[in-house]
Structure formats: structure tokens, C-alpha cells
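What follows is calculated from the coordinates using simple rules that are stated; it is not laboratory data. Not measured: the values here are computed from a predicted model. Cβ atoms come from the backbone with ideal geometry, glycine included; neighbour counts cover every protein chain shown.
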Amino acid sequence: MNAVTQILDDAVRFVRTKATTKPLVGVVLGSGLGAWADALDQAVKIPYAEIPHMPISTVAGHAGNLVIGVADGVPVACLQGRVHPYEGHPAVRSVFGVRMLARLGCRGAVLTNAAGGIRPAFQTGDFMLLSDHLNLSGQNPLVGPNEDALGPRFPDMSTAYDPEVRALAREAAAEVGVPIHEGVYAALLGPSYETPAEIRMLGRLGADAVGMSTALEVIALRHMGVRCGAMSCITNLAAGLSPAALNHAEVEETARRVHDRFKALLSAWVRRVGGLVAGAPSASGSPR
Ligand code: HPA
């Protein structure tokens with residue numbers, strides 16, 4: 001067993017001393033979107049600082065707790081806030097949290113983020129289901145010796161955003177009456193926002209939204225065989241598409257404004273994903 005697997009299992013063993021629920025679905029809550037986890041049944045909240053080896057988020061709007069509980073009958077484990085490579089965490093450290101979710105037993109994952117809208121039809125407060133991503137961060141969490149216990153050297157990414165999980169998001173959106181777009185997310189390193197020229201370039205490359213997270217996490221989760229879906233909250237129009245300067249306060253403010261719709265959509269989606277992955281074989285290498 002190599003070093004990454006060993007430290008993951010330290011974390012998993014610790015978490016299991018605190019929470020007996022065995023999660024099926026992992027949920028990653030992005031900037032300003034963390035409150036969903038506060039409404040879970042039988043919730044056990046574990047600050048990241050208590051979890052062995054867990055990197056800690058320094059960004060406003062990212063609470064920094066693992067919350068394990070039950071959502072509409074589905075056992076879930078939520079990352080209430082994430083760490084990003086732009087905080088100085090190496091890519092492999094930035095995916096520690098999602099790998100821990102998989103190692104805890106999650107077979108499906110639903111990730112959320114705040115993103116800038118590039119597609120001209122997008123307005124702030126819209127939601128976009130990720131159909132795919134462009135990993136333009138210059139980083140990959142799988143660089144280095146392969147963790148054979150976690151997954152293959154060259155994982156397939158042709159259905160990174162699982163078609164069935166995406167179909168369930170569309171069903172959930174119809175159920176709760178919240179419209180949802182679908183498009184490609186470009187992941188950049190940040191932390192500076194993009195220039196207008198970069199946004200024009202990203203649009204021509206096929207990006208519909210831009211952000212600084214999610215892609216590396218999905219790579220790490222797919223490596224481990226977890227079925228992924230992801231949703232962006234379009235918190236602002238990308239650089240150059242509105243006269244206003246971009247700032248993190250606007251990102252958090254929009255996330256707050258749409259929070260009720262976001263929570264309803266996420267709940268309906270997670271319930272369906274729970275149904276999909278229940279009974280499926282567990283992600284690779286989950287310690288018993
Ligand atoms: N660019 C990059 N990341 C973001 C943005 C943006 O416009 N909005 C929220 N996260």
C-alpha cells in the first residue's frame with residue numbers, strides 16, 4: 001500500500017469513529033452553497049481540522065466541514081467547502097477530500113460550484129449541468145506513480161459526467177420546476193479572474209462557463225470508478241460580458257440569492273442518484 005492510500009485510510013478510520021452512517025453519495029458544496037448540508041437528518045459534522053491529513057480551505061464561503069447524514073433516505077457525505085490548487089495545495093492534496101468520500105463508500109458523487117457564465121444566453125442565478133469539462137488548470141491529480149489500489153494508470157474520461165446521472169439532474173429540475181442549462185465547464189487555475197480576451201478564447205474553445213474547481217475532483221473520482229454529476233451556479237457573467245468588475249462578494253451574493261432553488265434541485269437530484277447507485281459495486285479499494 002502506498003503513501004496516498006495509507007493517509008486516506010487514516011482519515012477514513014477516524015471519520016468512522018465519529019459517524020456510523022455509511023454514505024452512498026458524495027456531495028461537494030461550492031462557494032456560498034454549503035448550507036444544504038445543514039438540513040441533513042442524523043447529521044454528524046466533522047471540521048476538516050480534526051480529520052487526519054485533510055487540507056483546510058482558506059476561502060470565504062467555504063466552511064470546511066465534512067457532514068455525514070441522510071438526505072431523503074439516502075446516506076450522504078458532504079464536503080462543506082473545498083480546497084483549491086490556487087490556495088497553494090498541490091493537485092494531489094486538493095482531491096484528498098473527494099478521494100476520502102469514495103473511500104468512505106460513496107459510489108456516486110454530485111459536485112457543485114460557482115462559475116462565470118460565458119454562453120451569451122446565461123444570466124446570473126442560472127444553473128448549468130456539466131456535460132463535460134476542459135481541464136485548463138495545467139494540473140492533474142494523477143501525476144506521479146499510479147495509486148493502483150485506487151484506479152488505473154490511464155483512466156477513461158469519455159463519460160466523466162455520467163450520462164445517467166445527468167439524466168437524473170434533468171428529471172430533478174423538472175420535478176422542482178427549476179430550469180437547468182447544460183454545457184461545458186472550463187477549469188482554470190486562478191485565483192485571478194480571467195481577462196476578457198481569455199473569455200473570448202474559452203468561448204471559441206467550446207466553454208459555456210468558467211471556474212477554478214471541479215475538474216480535478218472529477219478526474220480523481222473517475223479514477224476510483226465513482227459516477228459523477230456536477231452543476232454550476234452561474235454567479236456572474238464572465239469577464240468582459242458585463243460592464244461590472246468581477247469580485248468574490250458578487251459570487252457569494254448570487255449563491256445566497258438562489259440558495260432555495262439550489263437546495264430543492266440538489267435534494268431531488270441526490271435522491272435519484274442514491275437510487276441509481278444503491279446496489280452497485282463499491283468504488284475501488286474502500287477499506288472495510
Ligand atoms: N471565473 C472563474 N471562476 C469563477 C467565476 C469566474 O467568472 N465566477 C465564479 N467562479
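Brief remarks follow.
- For segment 99-114, putting each phi into the Karplus relation 6.51 cos²θ - 1.76 cosθ + 1.60 with θ = phi - 60° gives couplings of 5, 5, 4, 5, 5, 6, x, 5, 9, x, 9, 10, 10, 10, 7, 9 Hz, in residue order, rounded to whole numbers and with x for Gly and Pro.
- Taking N as its residue count, the alpha carbon Rg of segment 3-279 over 2.2 N^0.38 Å: 0.92
- With neighbour counts taken as other beta-carbon atoms within 10 Å, the residues PHE154, PHE14, PHE122 rank, fewest first, as PHE154, PHE14, PHE122.
- Net length gained if the chain between ILE56 and ALA35 were fully extended (0.36 nm per residue, minus Cα distance): 5.8 nm
- Size of charge dipole - segment 1-125 - debye, nearest 20, with Cβ of Lys, Arg +1 and Asp, Glu -1, no other charges: 260 debye
- Each of the peptides 99-110, 251-262 was scored by the mean count of other Cβ atoms within 10 Å over its residues; in descending order, highest first, they stand as 99-110, 251-262.
- Look at the alpha carbon pairs under 8 Å that are at least 6 residues apart: their mean separation over the length of the chain gives a relative contact order of 26 percent.
- When THR112, THR21 are sorted by how many other C-beta atoms sit within 10 angstrom of their C-beta, beginning with the fewest, the order is THR21, THR112.
- If you run the Gaussian network model on the chain, springs between alpha carbon atoms under 10 Å, then out of ASN113, ASN247, ASN236 the most flexible one is ASN247.
- By the count of other C-beta atoms within 10 Å, a proxy for reagent exposure, MET201, MET224 are ordered fewest to most as MET201, MET224.
- Note on the chain: GNM, Cα springs under 10 Å; of ALA264, ALA244, ALA172, the largest mean-square fluctuation is that of ALA244.
- In this label model, ASP10 and SER242 are separated by 4.4 nm, measuring between points 7 Å along each Cα→Cβ vector.
- With both labels modelled 7 Å from their Cα along Cα-to-Cβ, the ASP148 to GLU250 distance reads 5.1 nm.
- Rounded to 5, percent antiparallel among DSSP beta bridges of the chain: 35 percent
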